[in-house]
Structure formats: C-alpha cells, structure tokens
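The values are calculated or read from the model by the stated rules, or taken from the named source; none is laboratory data. Computed from a predicted structure; not experimentally measured. Glycine also receives a Cβ, built like all others from the backbone with ideal geometry; neighbour counts cover every protein chain displayed.
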Amino acid sequence: MQNEPNDDSLREEYKKTIKREITKKIGSMTLLVSEDTYDKALTAFNIGVAGIEMGMDVSMFFTARGVNIMKKAYRPRRARFGEAPIAWKENLIQKRGGAVLAQLMYQAKDMGVHLCVCYTSLASTNLKESMLLDGIKVMRMVEFLELTLHSDVNLVIG
C-alpha cells in the first residue's frame, strides 16, 4: 500500500506552485457564478483570491441561484443528497491548513475582488438589495458582458 503524503509534504508541494512565473501578463479576470452550492462557492472564491494574489483585477458576477451566496443570511447547501455535510468538509479543510468559504469571502472582499450580482436574478428571486452583504454592486447583464469584453480571462462556475 502506498503511503499518503503528510501535511508538511503537501505544503512543500504547494510552495513549489507558488513560485511559478506567469508567462503571459494577465491583467483582469471575471468569474460568473450561477449556483449556490458550497463546493461551487468555495471554488469561485478560491479562484478569485488566487487571481488577486497574482496581481489581476478580479470581478465576480453572481447570477441565477448564485445570487444567494451574496445574501447576508446565506446558508450553503450541498449539491446532492448523500454528500458529506458542509461542517465535515470545513473541518477537514481546516485540519489540512486550508481556508473555508467564509474566510475566503472576507479575504476576497478585503483584497479588492469586485463582487457584483445580477439585477434580473435579484428581481426574479424576490431579493432586495438590502438583503445582500455590504459593498455588493448590482449590475445588469449588459454591464457584465461589457466587463467580460475587456477581461483577459473569463470563467464560469456553475
């Protein structure tokens, strides 16, 4: 049976990836987030924070069910029945030295990620701007599309 790497060896491997240089200058990145499950939100914020750490201007646009992530009373949900409870996932992430969703959300906001929600999705889900976290910009889809036209990297998490 093969030995599993310990936390120290995983951290050393991670440090190697940090030292990689980007061969192309990437100035900006947009992420479209259309689902509100824990795993999708965690992935989106991990990518957003990584982009900021690499020096990019990062905008995250939440649409469809993704707008729920930006609610003050957001309660992450599992993607499917039978999936491990979120508390277990977060406990495991923290034991391995990672950041959980709430930490990444604060980090993204503090580091300057532009957090935006879709006006139409707010209206269709009957959410009010007052129900969102502070500092969230509400924009129409045409504004988001204009943002993507000027972005070097566009990703969809959904």
What number goes with the only condition from (1) under 15 Å from residue 64 (Cβ atoms); (2) surrounded by 17 or more Cβ atoms within 10 Å (Cβ to Cβ); (3) at pLDDT below 95; (4) of a type in the set (A, V, I, L, M, F, W, C) that residue 117 does not pass? (3)
Selection from segment 54-68 of residues among the β-branched types (Val, Ile, Thr) and either within 23 Å of residue 24 (Cβ to Cβ) or touching a Phe, Trp or Tyr at 6+ places or on another chain (Cβ under 6 Å) (or both) yields 58
Can you tell me which residue in segment 73-82 is nearest to residue 117 (Cα to Cα), limited to those that are modelled with pLDDT of 80 or more and surrounded by 10 or more Cβ atoms within 10 Å (Cβ to Cβ)? 74
Subset of segment 24-41 that is of a type in the set (A, V, I, L, M, F, W, C) and at pLDDT 95 or above - its residue that is surrounded by the fewest Cβ atoms within 10 Å (Cβ to Cβ): 32
Do you know which residues across segment 38-71 are acidic (Asp, Glu) and either more than 15 Å from residue 154 (Cα to Cα) or assigned to a helix (DSSP H, G or I) (or both)? 39, 53
Evaluate segment 72-90: report whether one residue or more is farther than 17 Å from residue 43 by Cβ and assigned to a helix (DSSP H, G or I). yes
Single residue of segment 91-102 satisfying the filter (closer than 25 Å to residue 136 by Cα and either among the β-branched types (Val, Ile, Thr) or more than 11 Å from the chain's Cα centre (by Cα) (or both)) that is surrounded by the fewest Cβ atoms within 10 Å (Cβ to Cβ): 99
So which pairs qualify, if the first residue must be in segment 86-98 and in contact (Cβ under 8 Å) with a residue 12 or more places away in the chain, the second must be loosely packed, with under 15 Cβ neighbours inside 10 Å and part of a helix (DSSP H, G or I), the Cβ gap must be under 7 Å, and the two must be at least 6 apart or on different chains? 96/7; 97/7; 97/11
In segment 122-158, how many residues are closer than 17 Å to residue 41 by Cα and either in contact with a Ser or Thr (Cβ under 9 Å, 6 or more places away or on another chain) or in a strand (DSSP E or B) (or both)? 6
